[in-house]
2 protein chains.
Amino acid sequence: MTVHQMKKISENTNYTAVNIGSLDSLTTNYSFIHAKTKQEVKGKVFVKEATKATGTEISFTALPPKSELPYFHFHNKDEETYLILKGTGYYQVDDDCFPISEGSVIRVAPQGKRGLCNTSDVEMVYICIQSKANSLQEHTADDGGRVEFNPKWQI
Amino acid sequence: MTVHQMKKISENTNYTAVNIGSLDSLTTNYSFIHAKTKQEVKGKVFVKEATKATGTEISFTALPPKSELPYFHFHNKDEETYLILKGTGYYQVDDDCFPISEGSVIRVAPQGKRGLCNTSDVEMVYICIQSKANSLQEHTADDGGRVEFNPKWQI
């Protein structure tokens, strides 16, 4: 995988922070060679390895104007959720095709055959989050606790 | 939880798709009553329930200019990853405080005590993804397969 513009911000025992740069520059800044097809994929960056994530594989993608992903795919164990940040187009799962735009959030079960396209004149920018289906046990307030703390920042 | 502006786009056996609206209108469109504090929290929306997600709890948040989250928190089982889309400020984990801006990706282990602030003059918009730590077994090409398909869309 070729990573051009990812910078580590800070890291310690309990976290890793990186910056991938402007979300309008994904196509300029990132490409990688697909593990199976050996083809170069531009405008896509995965952050699991860089952030040392253990529960998700998150990627950022820029899809050029008037273009589509070149294939549909499914998963074995992993659920995916797509978050559309910019651009308009269509998403298809199995035989259902529906419009997507800024703010669209699409959760797809592992076996769903999925693909998407950008019909607009601007880049479509989206985030894809892979996680193991049925893995989340607790969430939001049930899993968390508040602590007293003095922030080091000055607003 | 009060949800003002979330629309279901489409749903079937293998997926649920919703649209939360413009990411610049989160403060206008969303608020909820916190389960523990009973206080109203504006500009934040969770999508696990609406999308029927089983591996993640994803939320979108707008933090007003020159403001901070009113507390630090930790988790028991869940890893969190924060994706900063807009605004600049600082993120703190335990005793480490570091700058964040568009494109910052911060992965925090459950036990990390975390908080953030927006020092800029614009809203900070960020996405937070909760997943169970150490739950992801396979990811990217290892878990997926390509399929032949005829898209129903017309670009």
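Every number here is computed from the coordinates shown, using simple stated rules; none is lab data. A quick note: this is a predicted structure, and the numbers were derived from the prediction, not measured. Cβ placement follows ideal geometry from the backbone for every residue including glycine, while neighbour counts extend to all protein chains displayed.
Placing unit charges on C-beta atoms (Lys and Arg positive, Asp and Glu negative, everything else neutral), compute the dipole magnitude of chain B about its Cα centre in debye, rounded to 20. Mind dumping the intermediate values first?
Numbers: 17 positive and 19 negative charges, 113 e Å.
The dipole of chain B has a size of about 540 debye.
Of the options B:Leu116, B:Val105, B:Ser25, report the single residue whose Cα projects farthest towards the positive end of the charge dipole of chain B (beta-carbon charges: Lys, Arg +1; Asp, Glu -1).
B:Ser25
Enumerate by residue number the GluC sites (Glu not before Pro) in segment A:48-155 meeting two conditions: DSSP loop (anything except H, G, I, E, B), and at most 11 other Cβ atoms within 10 Å of the site's Cβ. It would help to have the intermediate numbers written out before the result.
Details: sites: A:Glu49, A:Glu57, A:Glu68, A:Glu79, A:Glu80, A:Glu102, A:Glu123, A:Glu138, A:Glu148; in loops: A:Glu102, A:Glu123, A:Glu138, A:Glu148.
Answer in residue order: A:Glu148.
Can you pull the mean other chain C-beta count within 10 Å for peptide A:60-72?
Working: counts 3, 0, 0, 0, 0, 1, 1, 1, 3, 1, 1, 5, 7.
Mean number of neighbouring Cβ atoms from other chains: 2.
List, in the order given, every pair from A:Lys7/A:Lys48; A:Lys8/B:Lys44; B:Lys8/B:Lys52; A:Lys8/B:Lys113; A:Lys48/B:Lys113 whose Cα-Cα distance in the structure shown is over 18 Å. Numbers along the way, then the final one.
Working: A:Lys7/A:Lys48 14 Å; A:Lys8/B:Lys44 28 Å; B:Lys8/B:Lys52 12 Å; A:Lys8/B:Lys113 20 Å; A:Lys48/B:Lys113 21 Å.
Table pairs above 18 Å Cα-Cα are A:Lys8/B:Lys44; A:Lys8/B:Lys113; A:Lys48/B:Lys113.
For segment B:2-134, what are the per-bin percents of Cα-Cα distances with bins 5 Å wide, up to the bin holding the maximum?
2, 10, 18, 23, 22, 16, 7, 2, 1, 0
Given a Förster distance of 30 angstrom, what is the FRET efficiency for B:Glu148 paired with B:Asn12, based on the Cβ-Cβ distance and rounded to 0.05? Walk me through the intermediate numbers first.
On the way: r = 20 Å, r/R0 = 0.67.
Using R0 = 30 Å, I get an efficiency of 0.90.
When you look at the Cβ of every residue in A:88-100, what mean number of other chain Cβ atoms sits within 10 Å? Could the numbers behind the result be given before it?
Values: counts 0, 2, 5, 5, 6, 8, 5, 3, 9, 4, 8, 5, 4.
Shielding by partners across A:88-100 averages 5.
Counting only other chains, and only Cβ atoms inside 10 Å, what mean value do you get across the residues of B:125-138? Could you put the intermediate results ahead of the total?
On the way: counts 1, 0, 5, 0, 9, 9, 12, 11, 3, 3, 9, 12, 5, 7.
Across the residues of B:125-138, the mean count of other-chain Cβ atoms within 10 Å is 6.
What list of ³J(HN,Hα) values in whole Hz, one per residue of segment B:65-79 in order, does the Karplus curve 6.51 cos²θ - 1.76 cosθ + 1.60 (θ = phi - 60°) give from phi, with Gly and Pro shown as x?
3J(HN,Hα) across segment B:65-79, in whole Hz: x, 6, 8, 9, 5, x, 7, 9, 8, 10, 10, 9, 10, 9, 7.
So what is the relative contact order for segment B:63-112, in percent, with contacts set as C-alpha pairs under 8 Å and at least six apart?
Working: 66 pairs, mean separation 21.0, N = 50.
Relative contact order of segment B:63-112: 42 percent.
Given a cut-off of under 8 Å on Cα pairs at least six residues apart, what relative contact order in percent is computed for chain A? Don't jump to the answer; show the numbers that get you there.
Numbers: 312 pairs, mean separation 32.2, N = 155.
Relative contact order for chain A comes out at 21 percent.
Just how large is the dipole of the protein assembly as shown about the Cα centre, in debye to the nearest 20, putting +1 at every Lys and Arg Cβ and -1 at every Asp and Glu Cβ? Mind dumping the intermediate values first?
On the way: 34 positive and 38 negative charges, 2 e Å.
With Lys and Arg at +1 and Asp and Glu at -1, about 0 debye.
Across the protein assembly as shown, what fraction of all alpha-carbon pairs, as a whole percent, falls in each successive 20 Å bin from zero upward?
Distribution as computed: 34, 60, 6 percent.
Mind listing the phi-derived Karplus ³J(HN,Hα) values for segment A:94-106, rounded to whole Hz, using 6.51, -1.76 and 1.60 with θ = phi - 60°, and x for any glycine or proline?
Computed from phi, the couplings for segment A:94-106 are 6, 9, 9, 10, 9, x, 10, 7, 3, x, 6, 10, 10 Hz.
Using +1 at the Cβ of each Lys and Arg and -1 at the Cβ of each Asp and Glu in chain A, identify which of A:Phe60, A:Ser131, A:Gly145 lies farthest towards the dipole's positive end.
A:Phe60
Hey, what number do you get for chain A at 222 nm if only DSSP H runs of n ≥ 4 count, each worth -39500 (n - 2.57), divided across all residues, to the nearest 500?
Taken over chain A, the calculation gives -500 deg cm²/dmol.
Taking the label point 7 Å from Cα in the Cβ direction, how far apart in nm is B:Val147 from each other copy of itself, listed shortest first?
So the label point of B:Val147 gives 4.5 nm to the other copies.
Specify the inter-centroid distance of segment B:22-60 and segment A:1-77, based on alpha-carbon positions, in whole Å.
26 Å
Could you give the dipole magnitude of segment B:31-104 about its Cα centre, charging the beta-carbon of Lys and Arg +1 and that of Asp and Glu -1, in debye to the nearest 20? All intermediate terms of the calculation are to be shown ahead of the outcome.
Values: 9 positive and 11 negative charges, 96 e Å.
The calculation lands at about 460 debye.
Along Cα→Cβ at 7 Å, what distances in nm separate the A:Glu40 label point from those on the other copies, shortest first?
Ordered by increasing distance: 5.3 nm.
Looking at segment A:1-49, which chymotrypsin sites (Phe, Trp or Tyr not before Pro) are DSSP coil and have at most 11 other C-beta atoms within 10 Å of their C-beta? Intermediate values should be presented prior to the final figure.
Numbers: sites: A:Tyr15, A:Tyr30, A:Phe32, A:Phe46; in loops: none.
For chymotrypsin sites (Phe, Trp or Tyr not before Pro) across segment A:1-49 that sit outside H, G, I, E and B with at most 11 neighbouring Cβ atoms in 10 Å, the list is empty.
Among the aspartates and glutamates, which fall within straight-line cross-link reach of B:Lys152, defined as a Cα-Cα distance under 13 Å, with same-chain neighbours fewer than 8 residues apart omitted?
A:Glu68, A:Asp94, A:Asp95, A:Asp96
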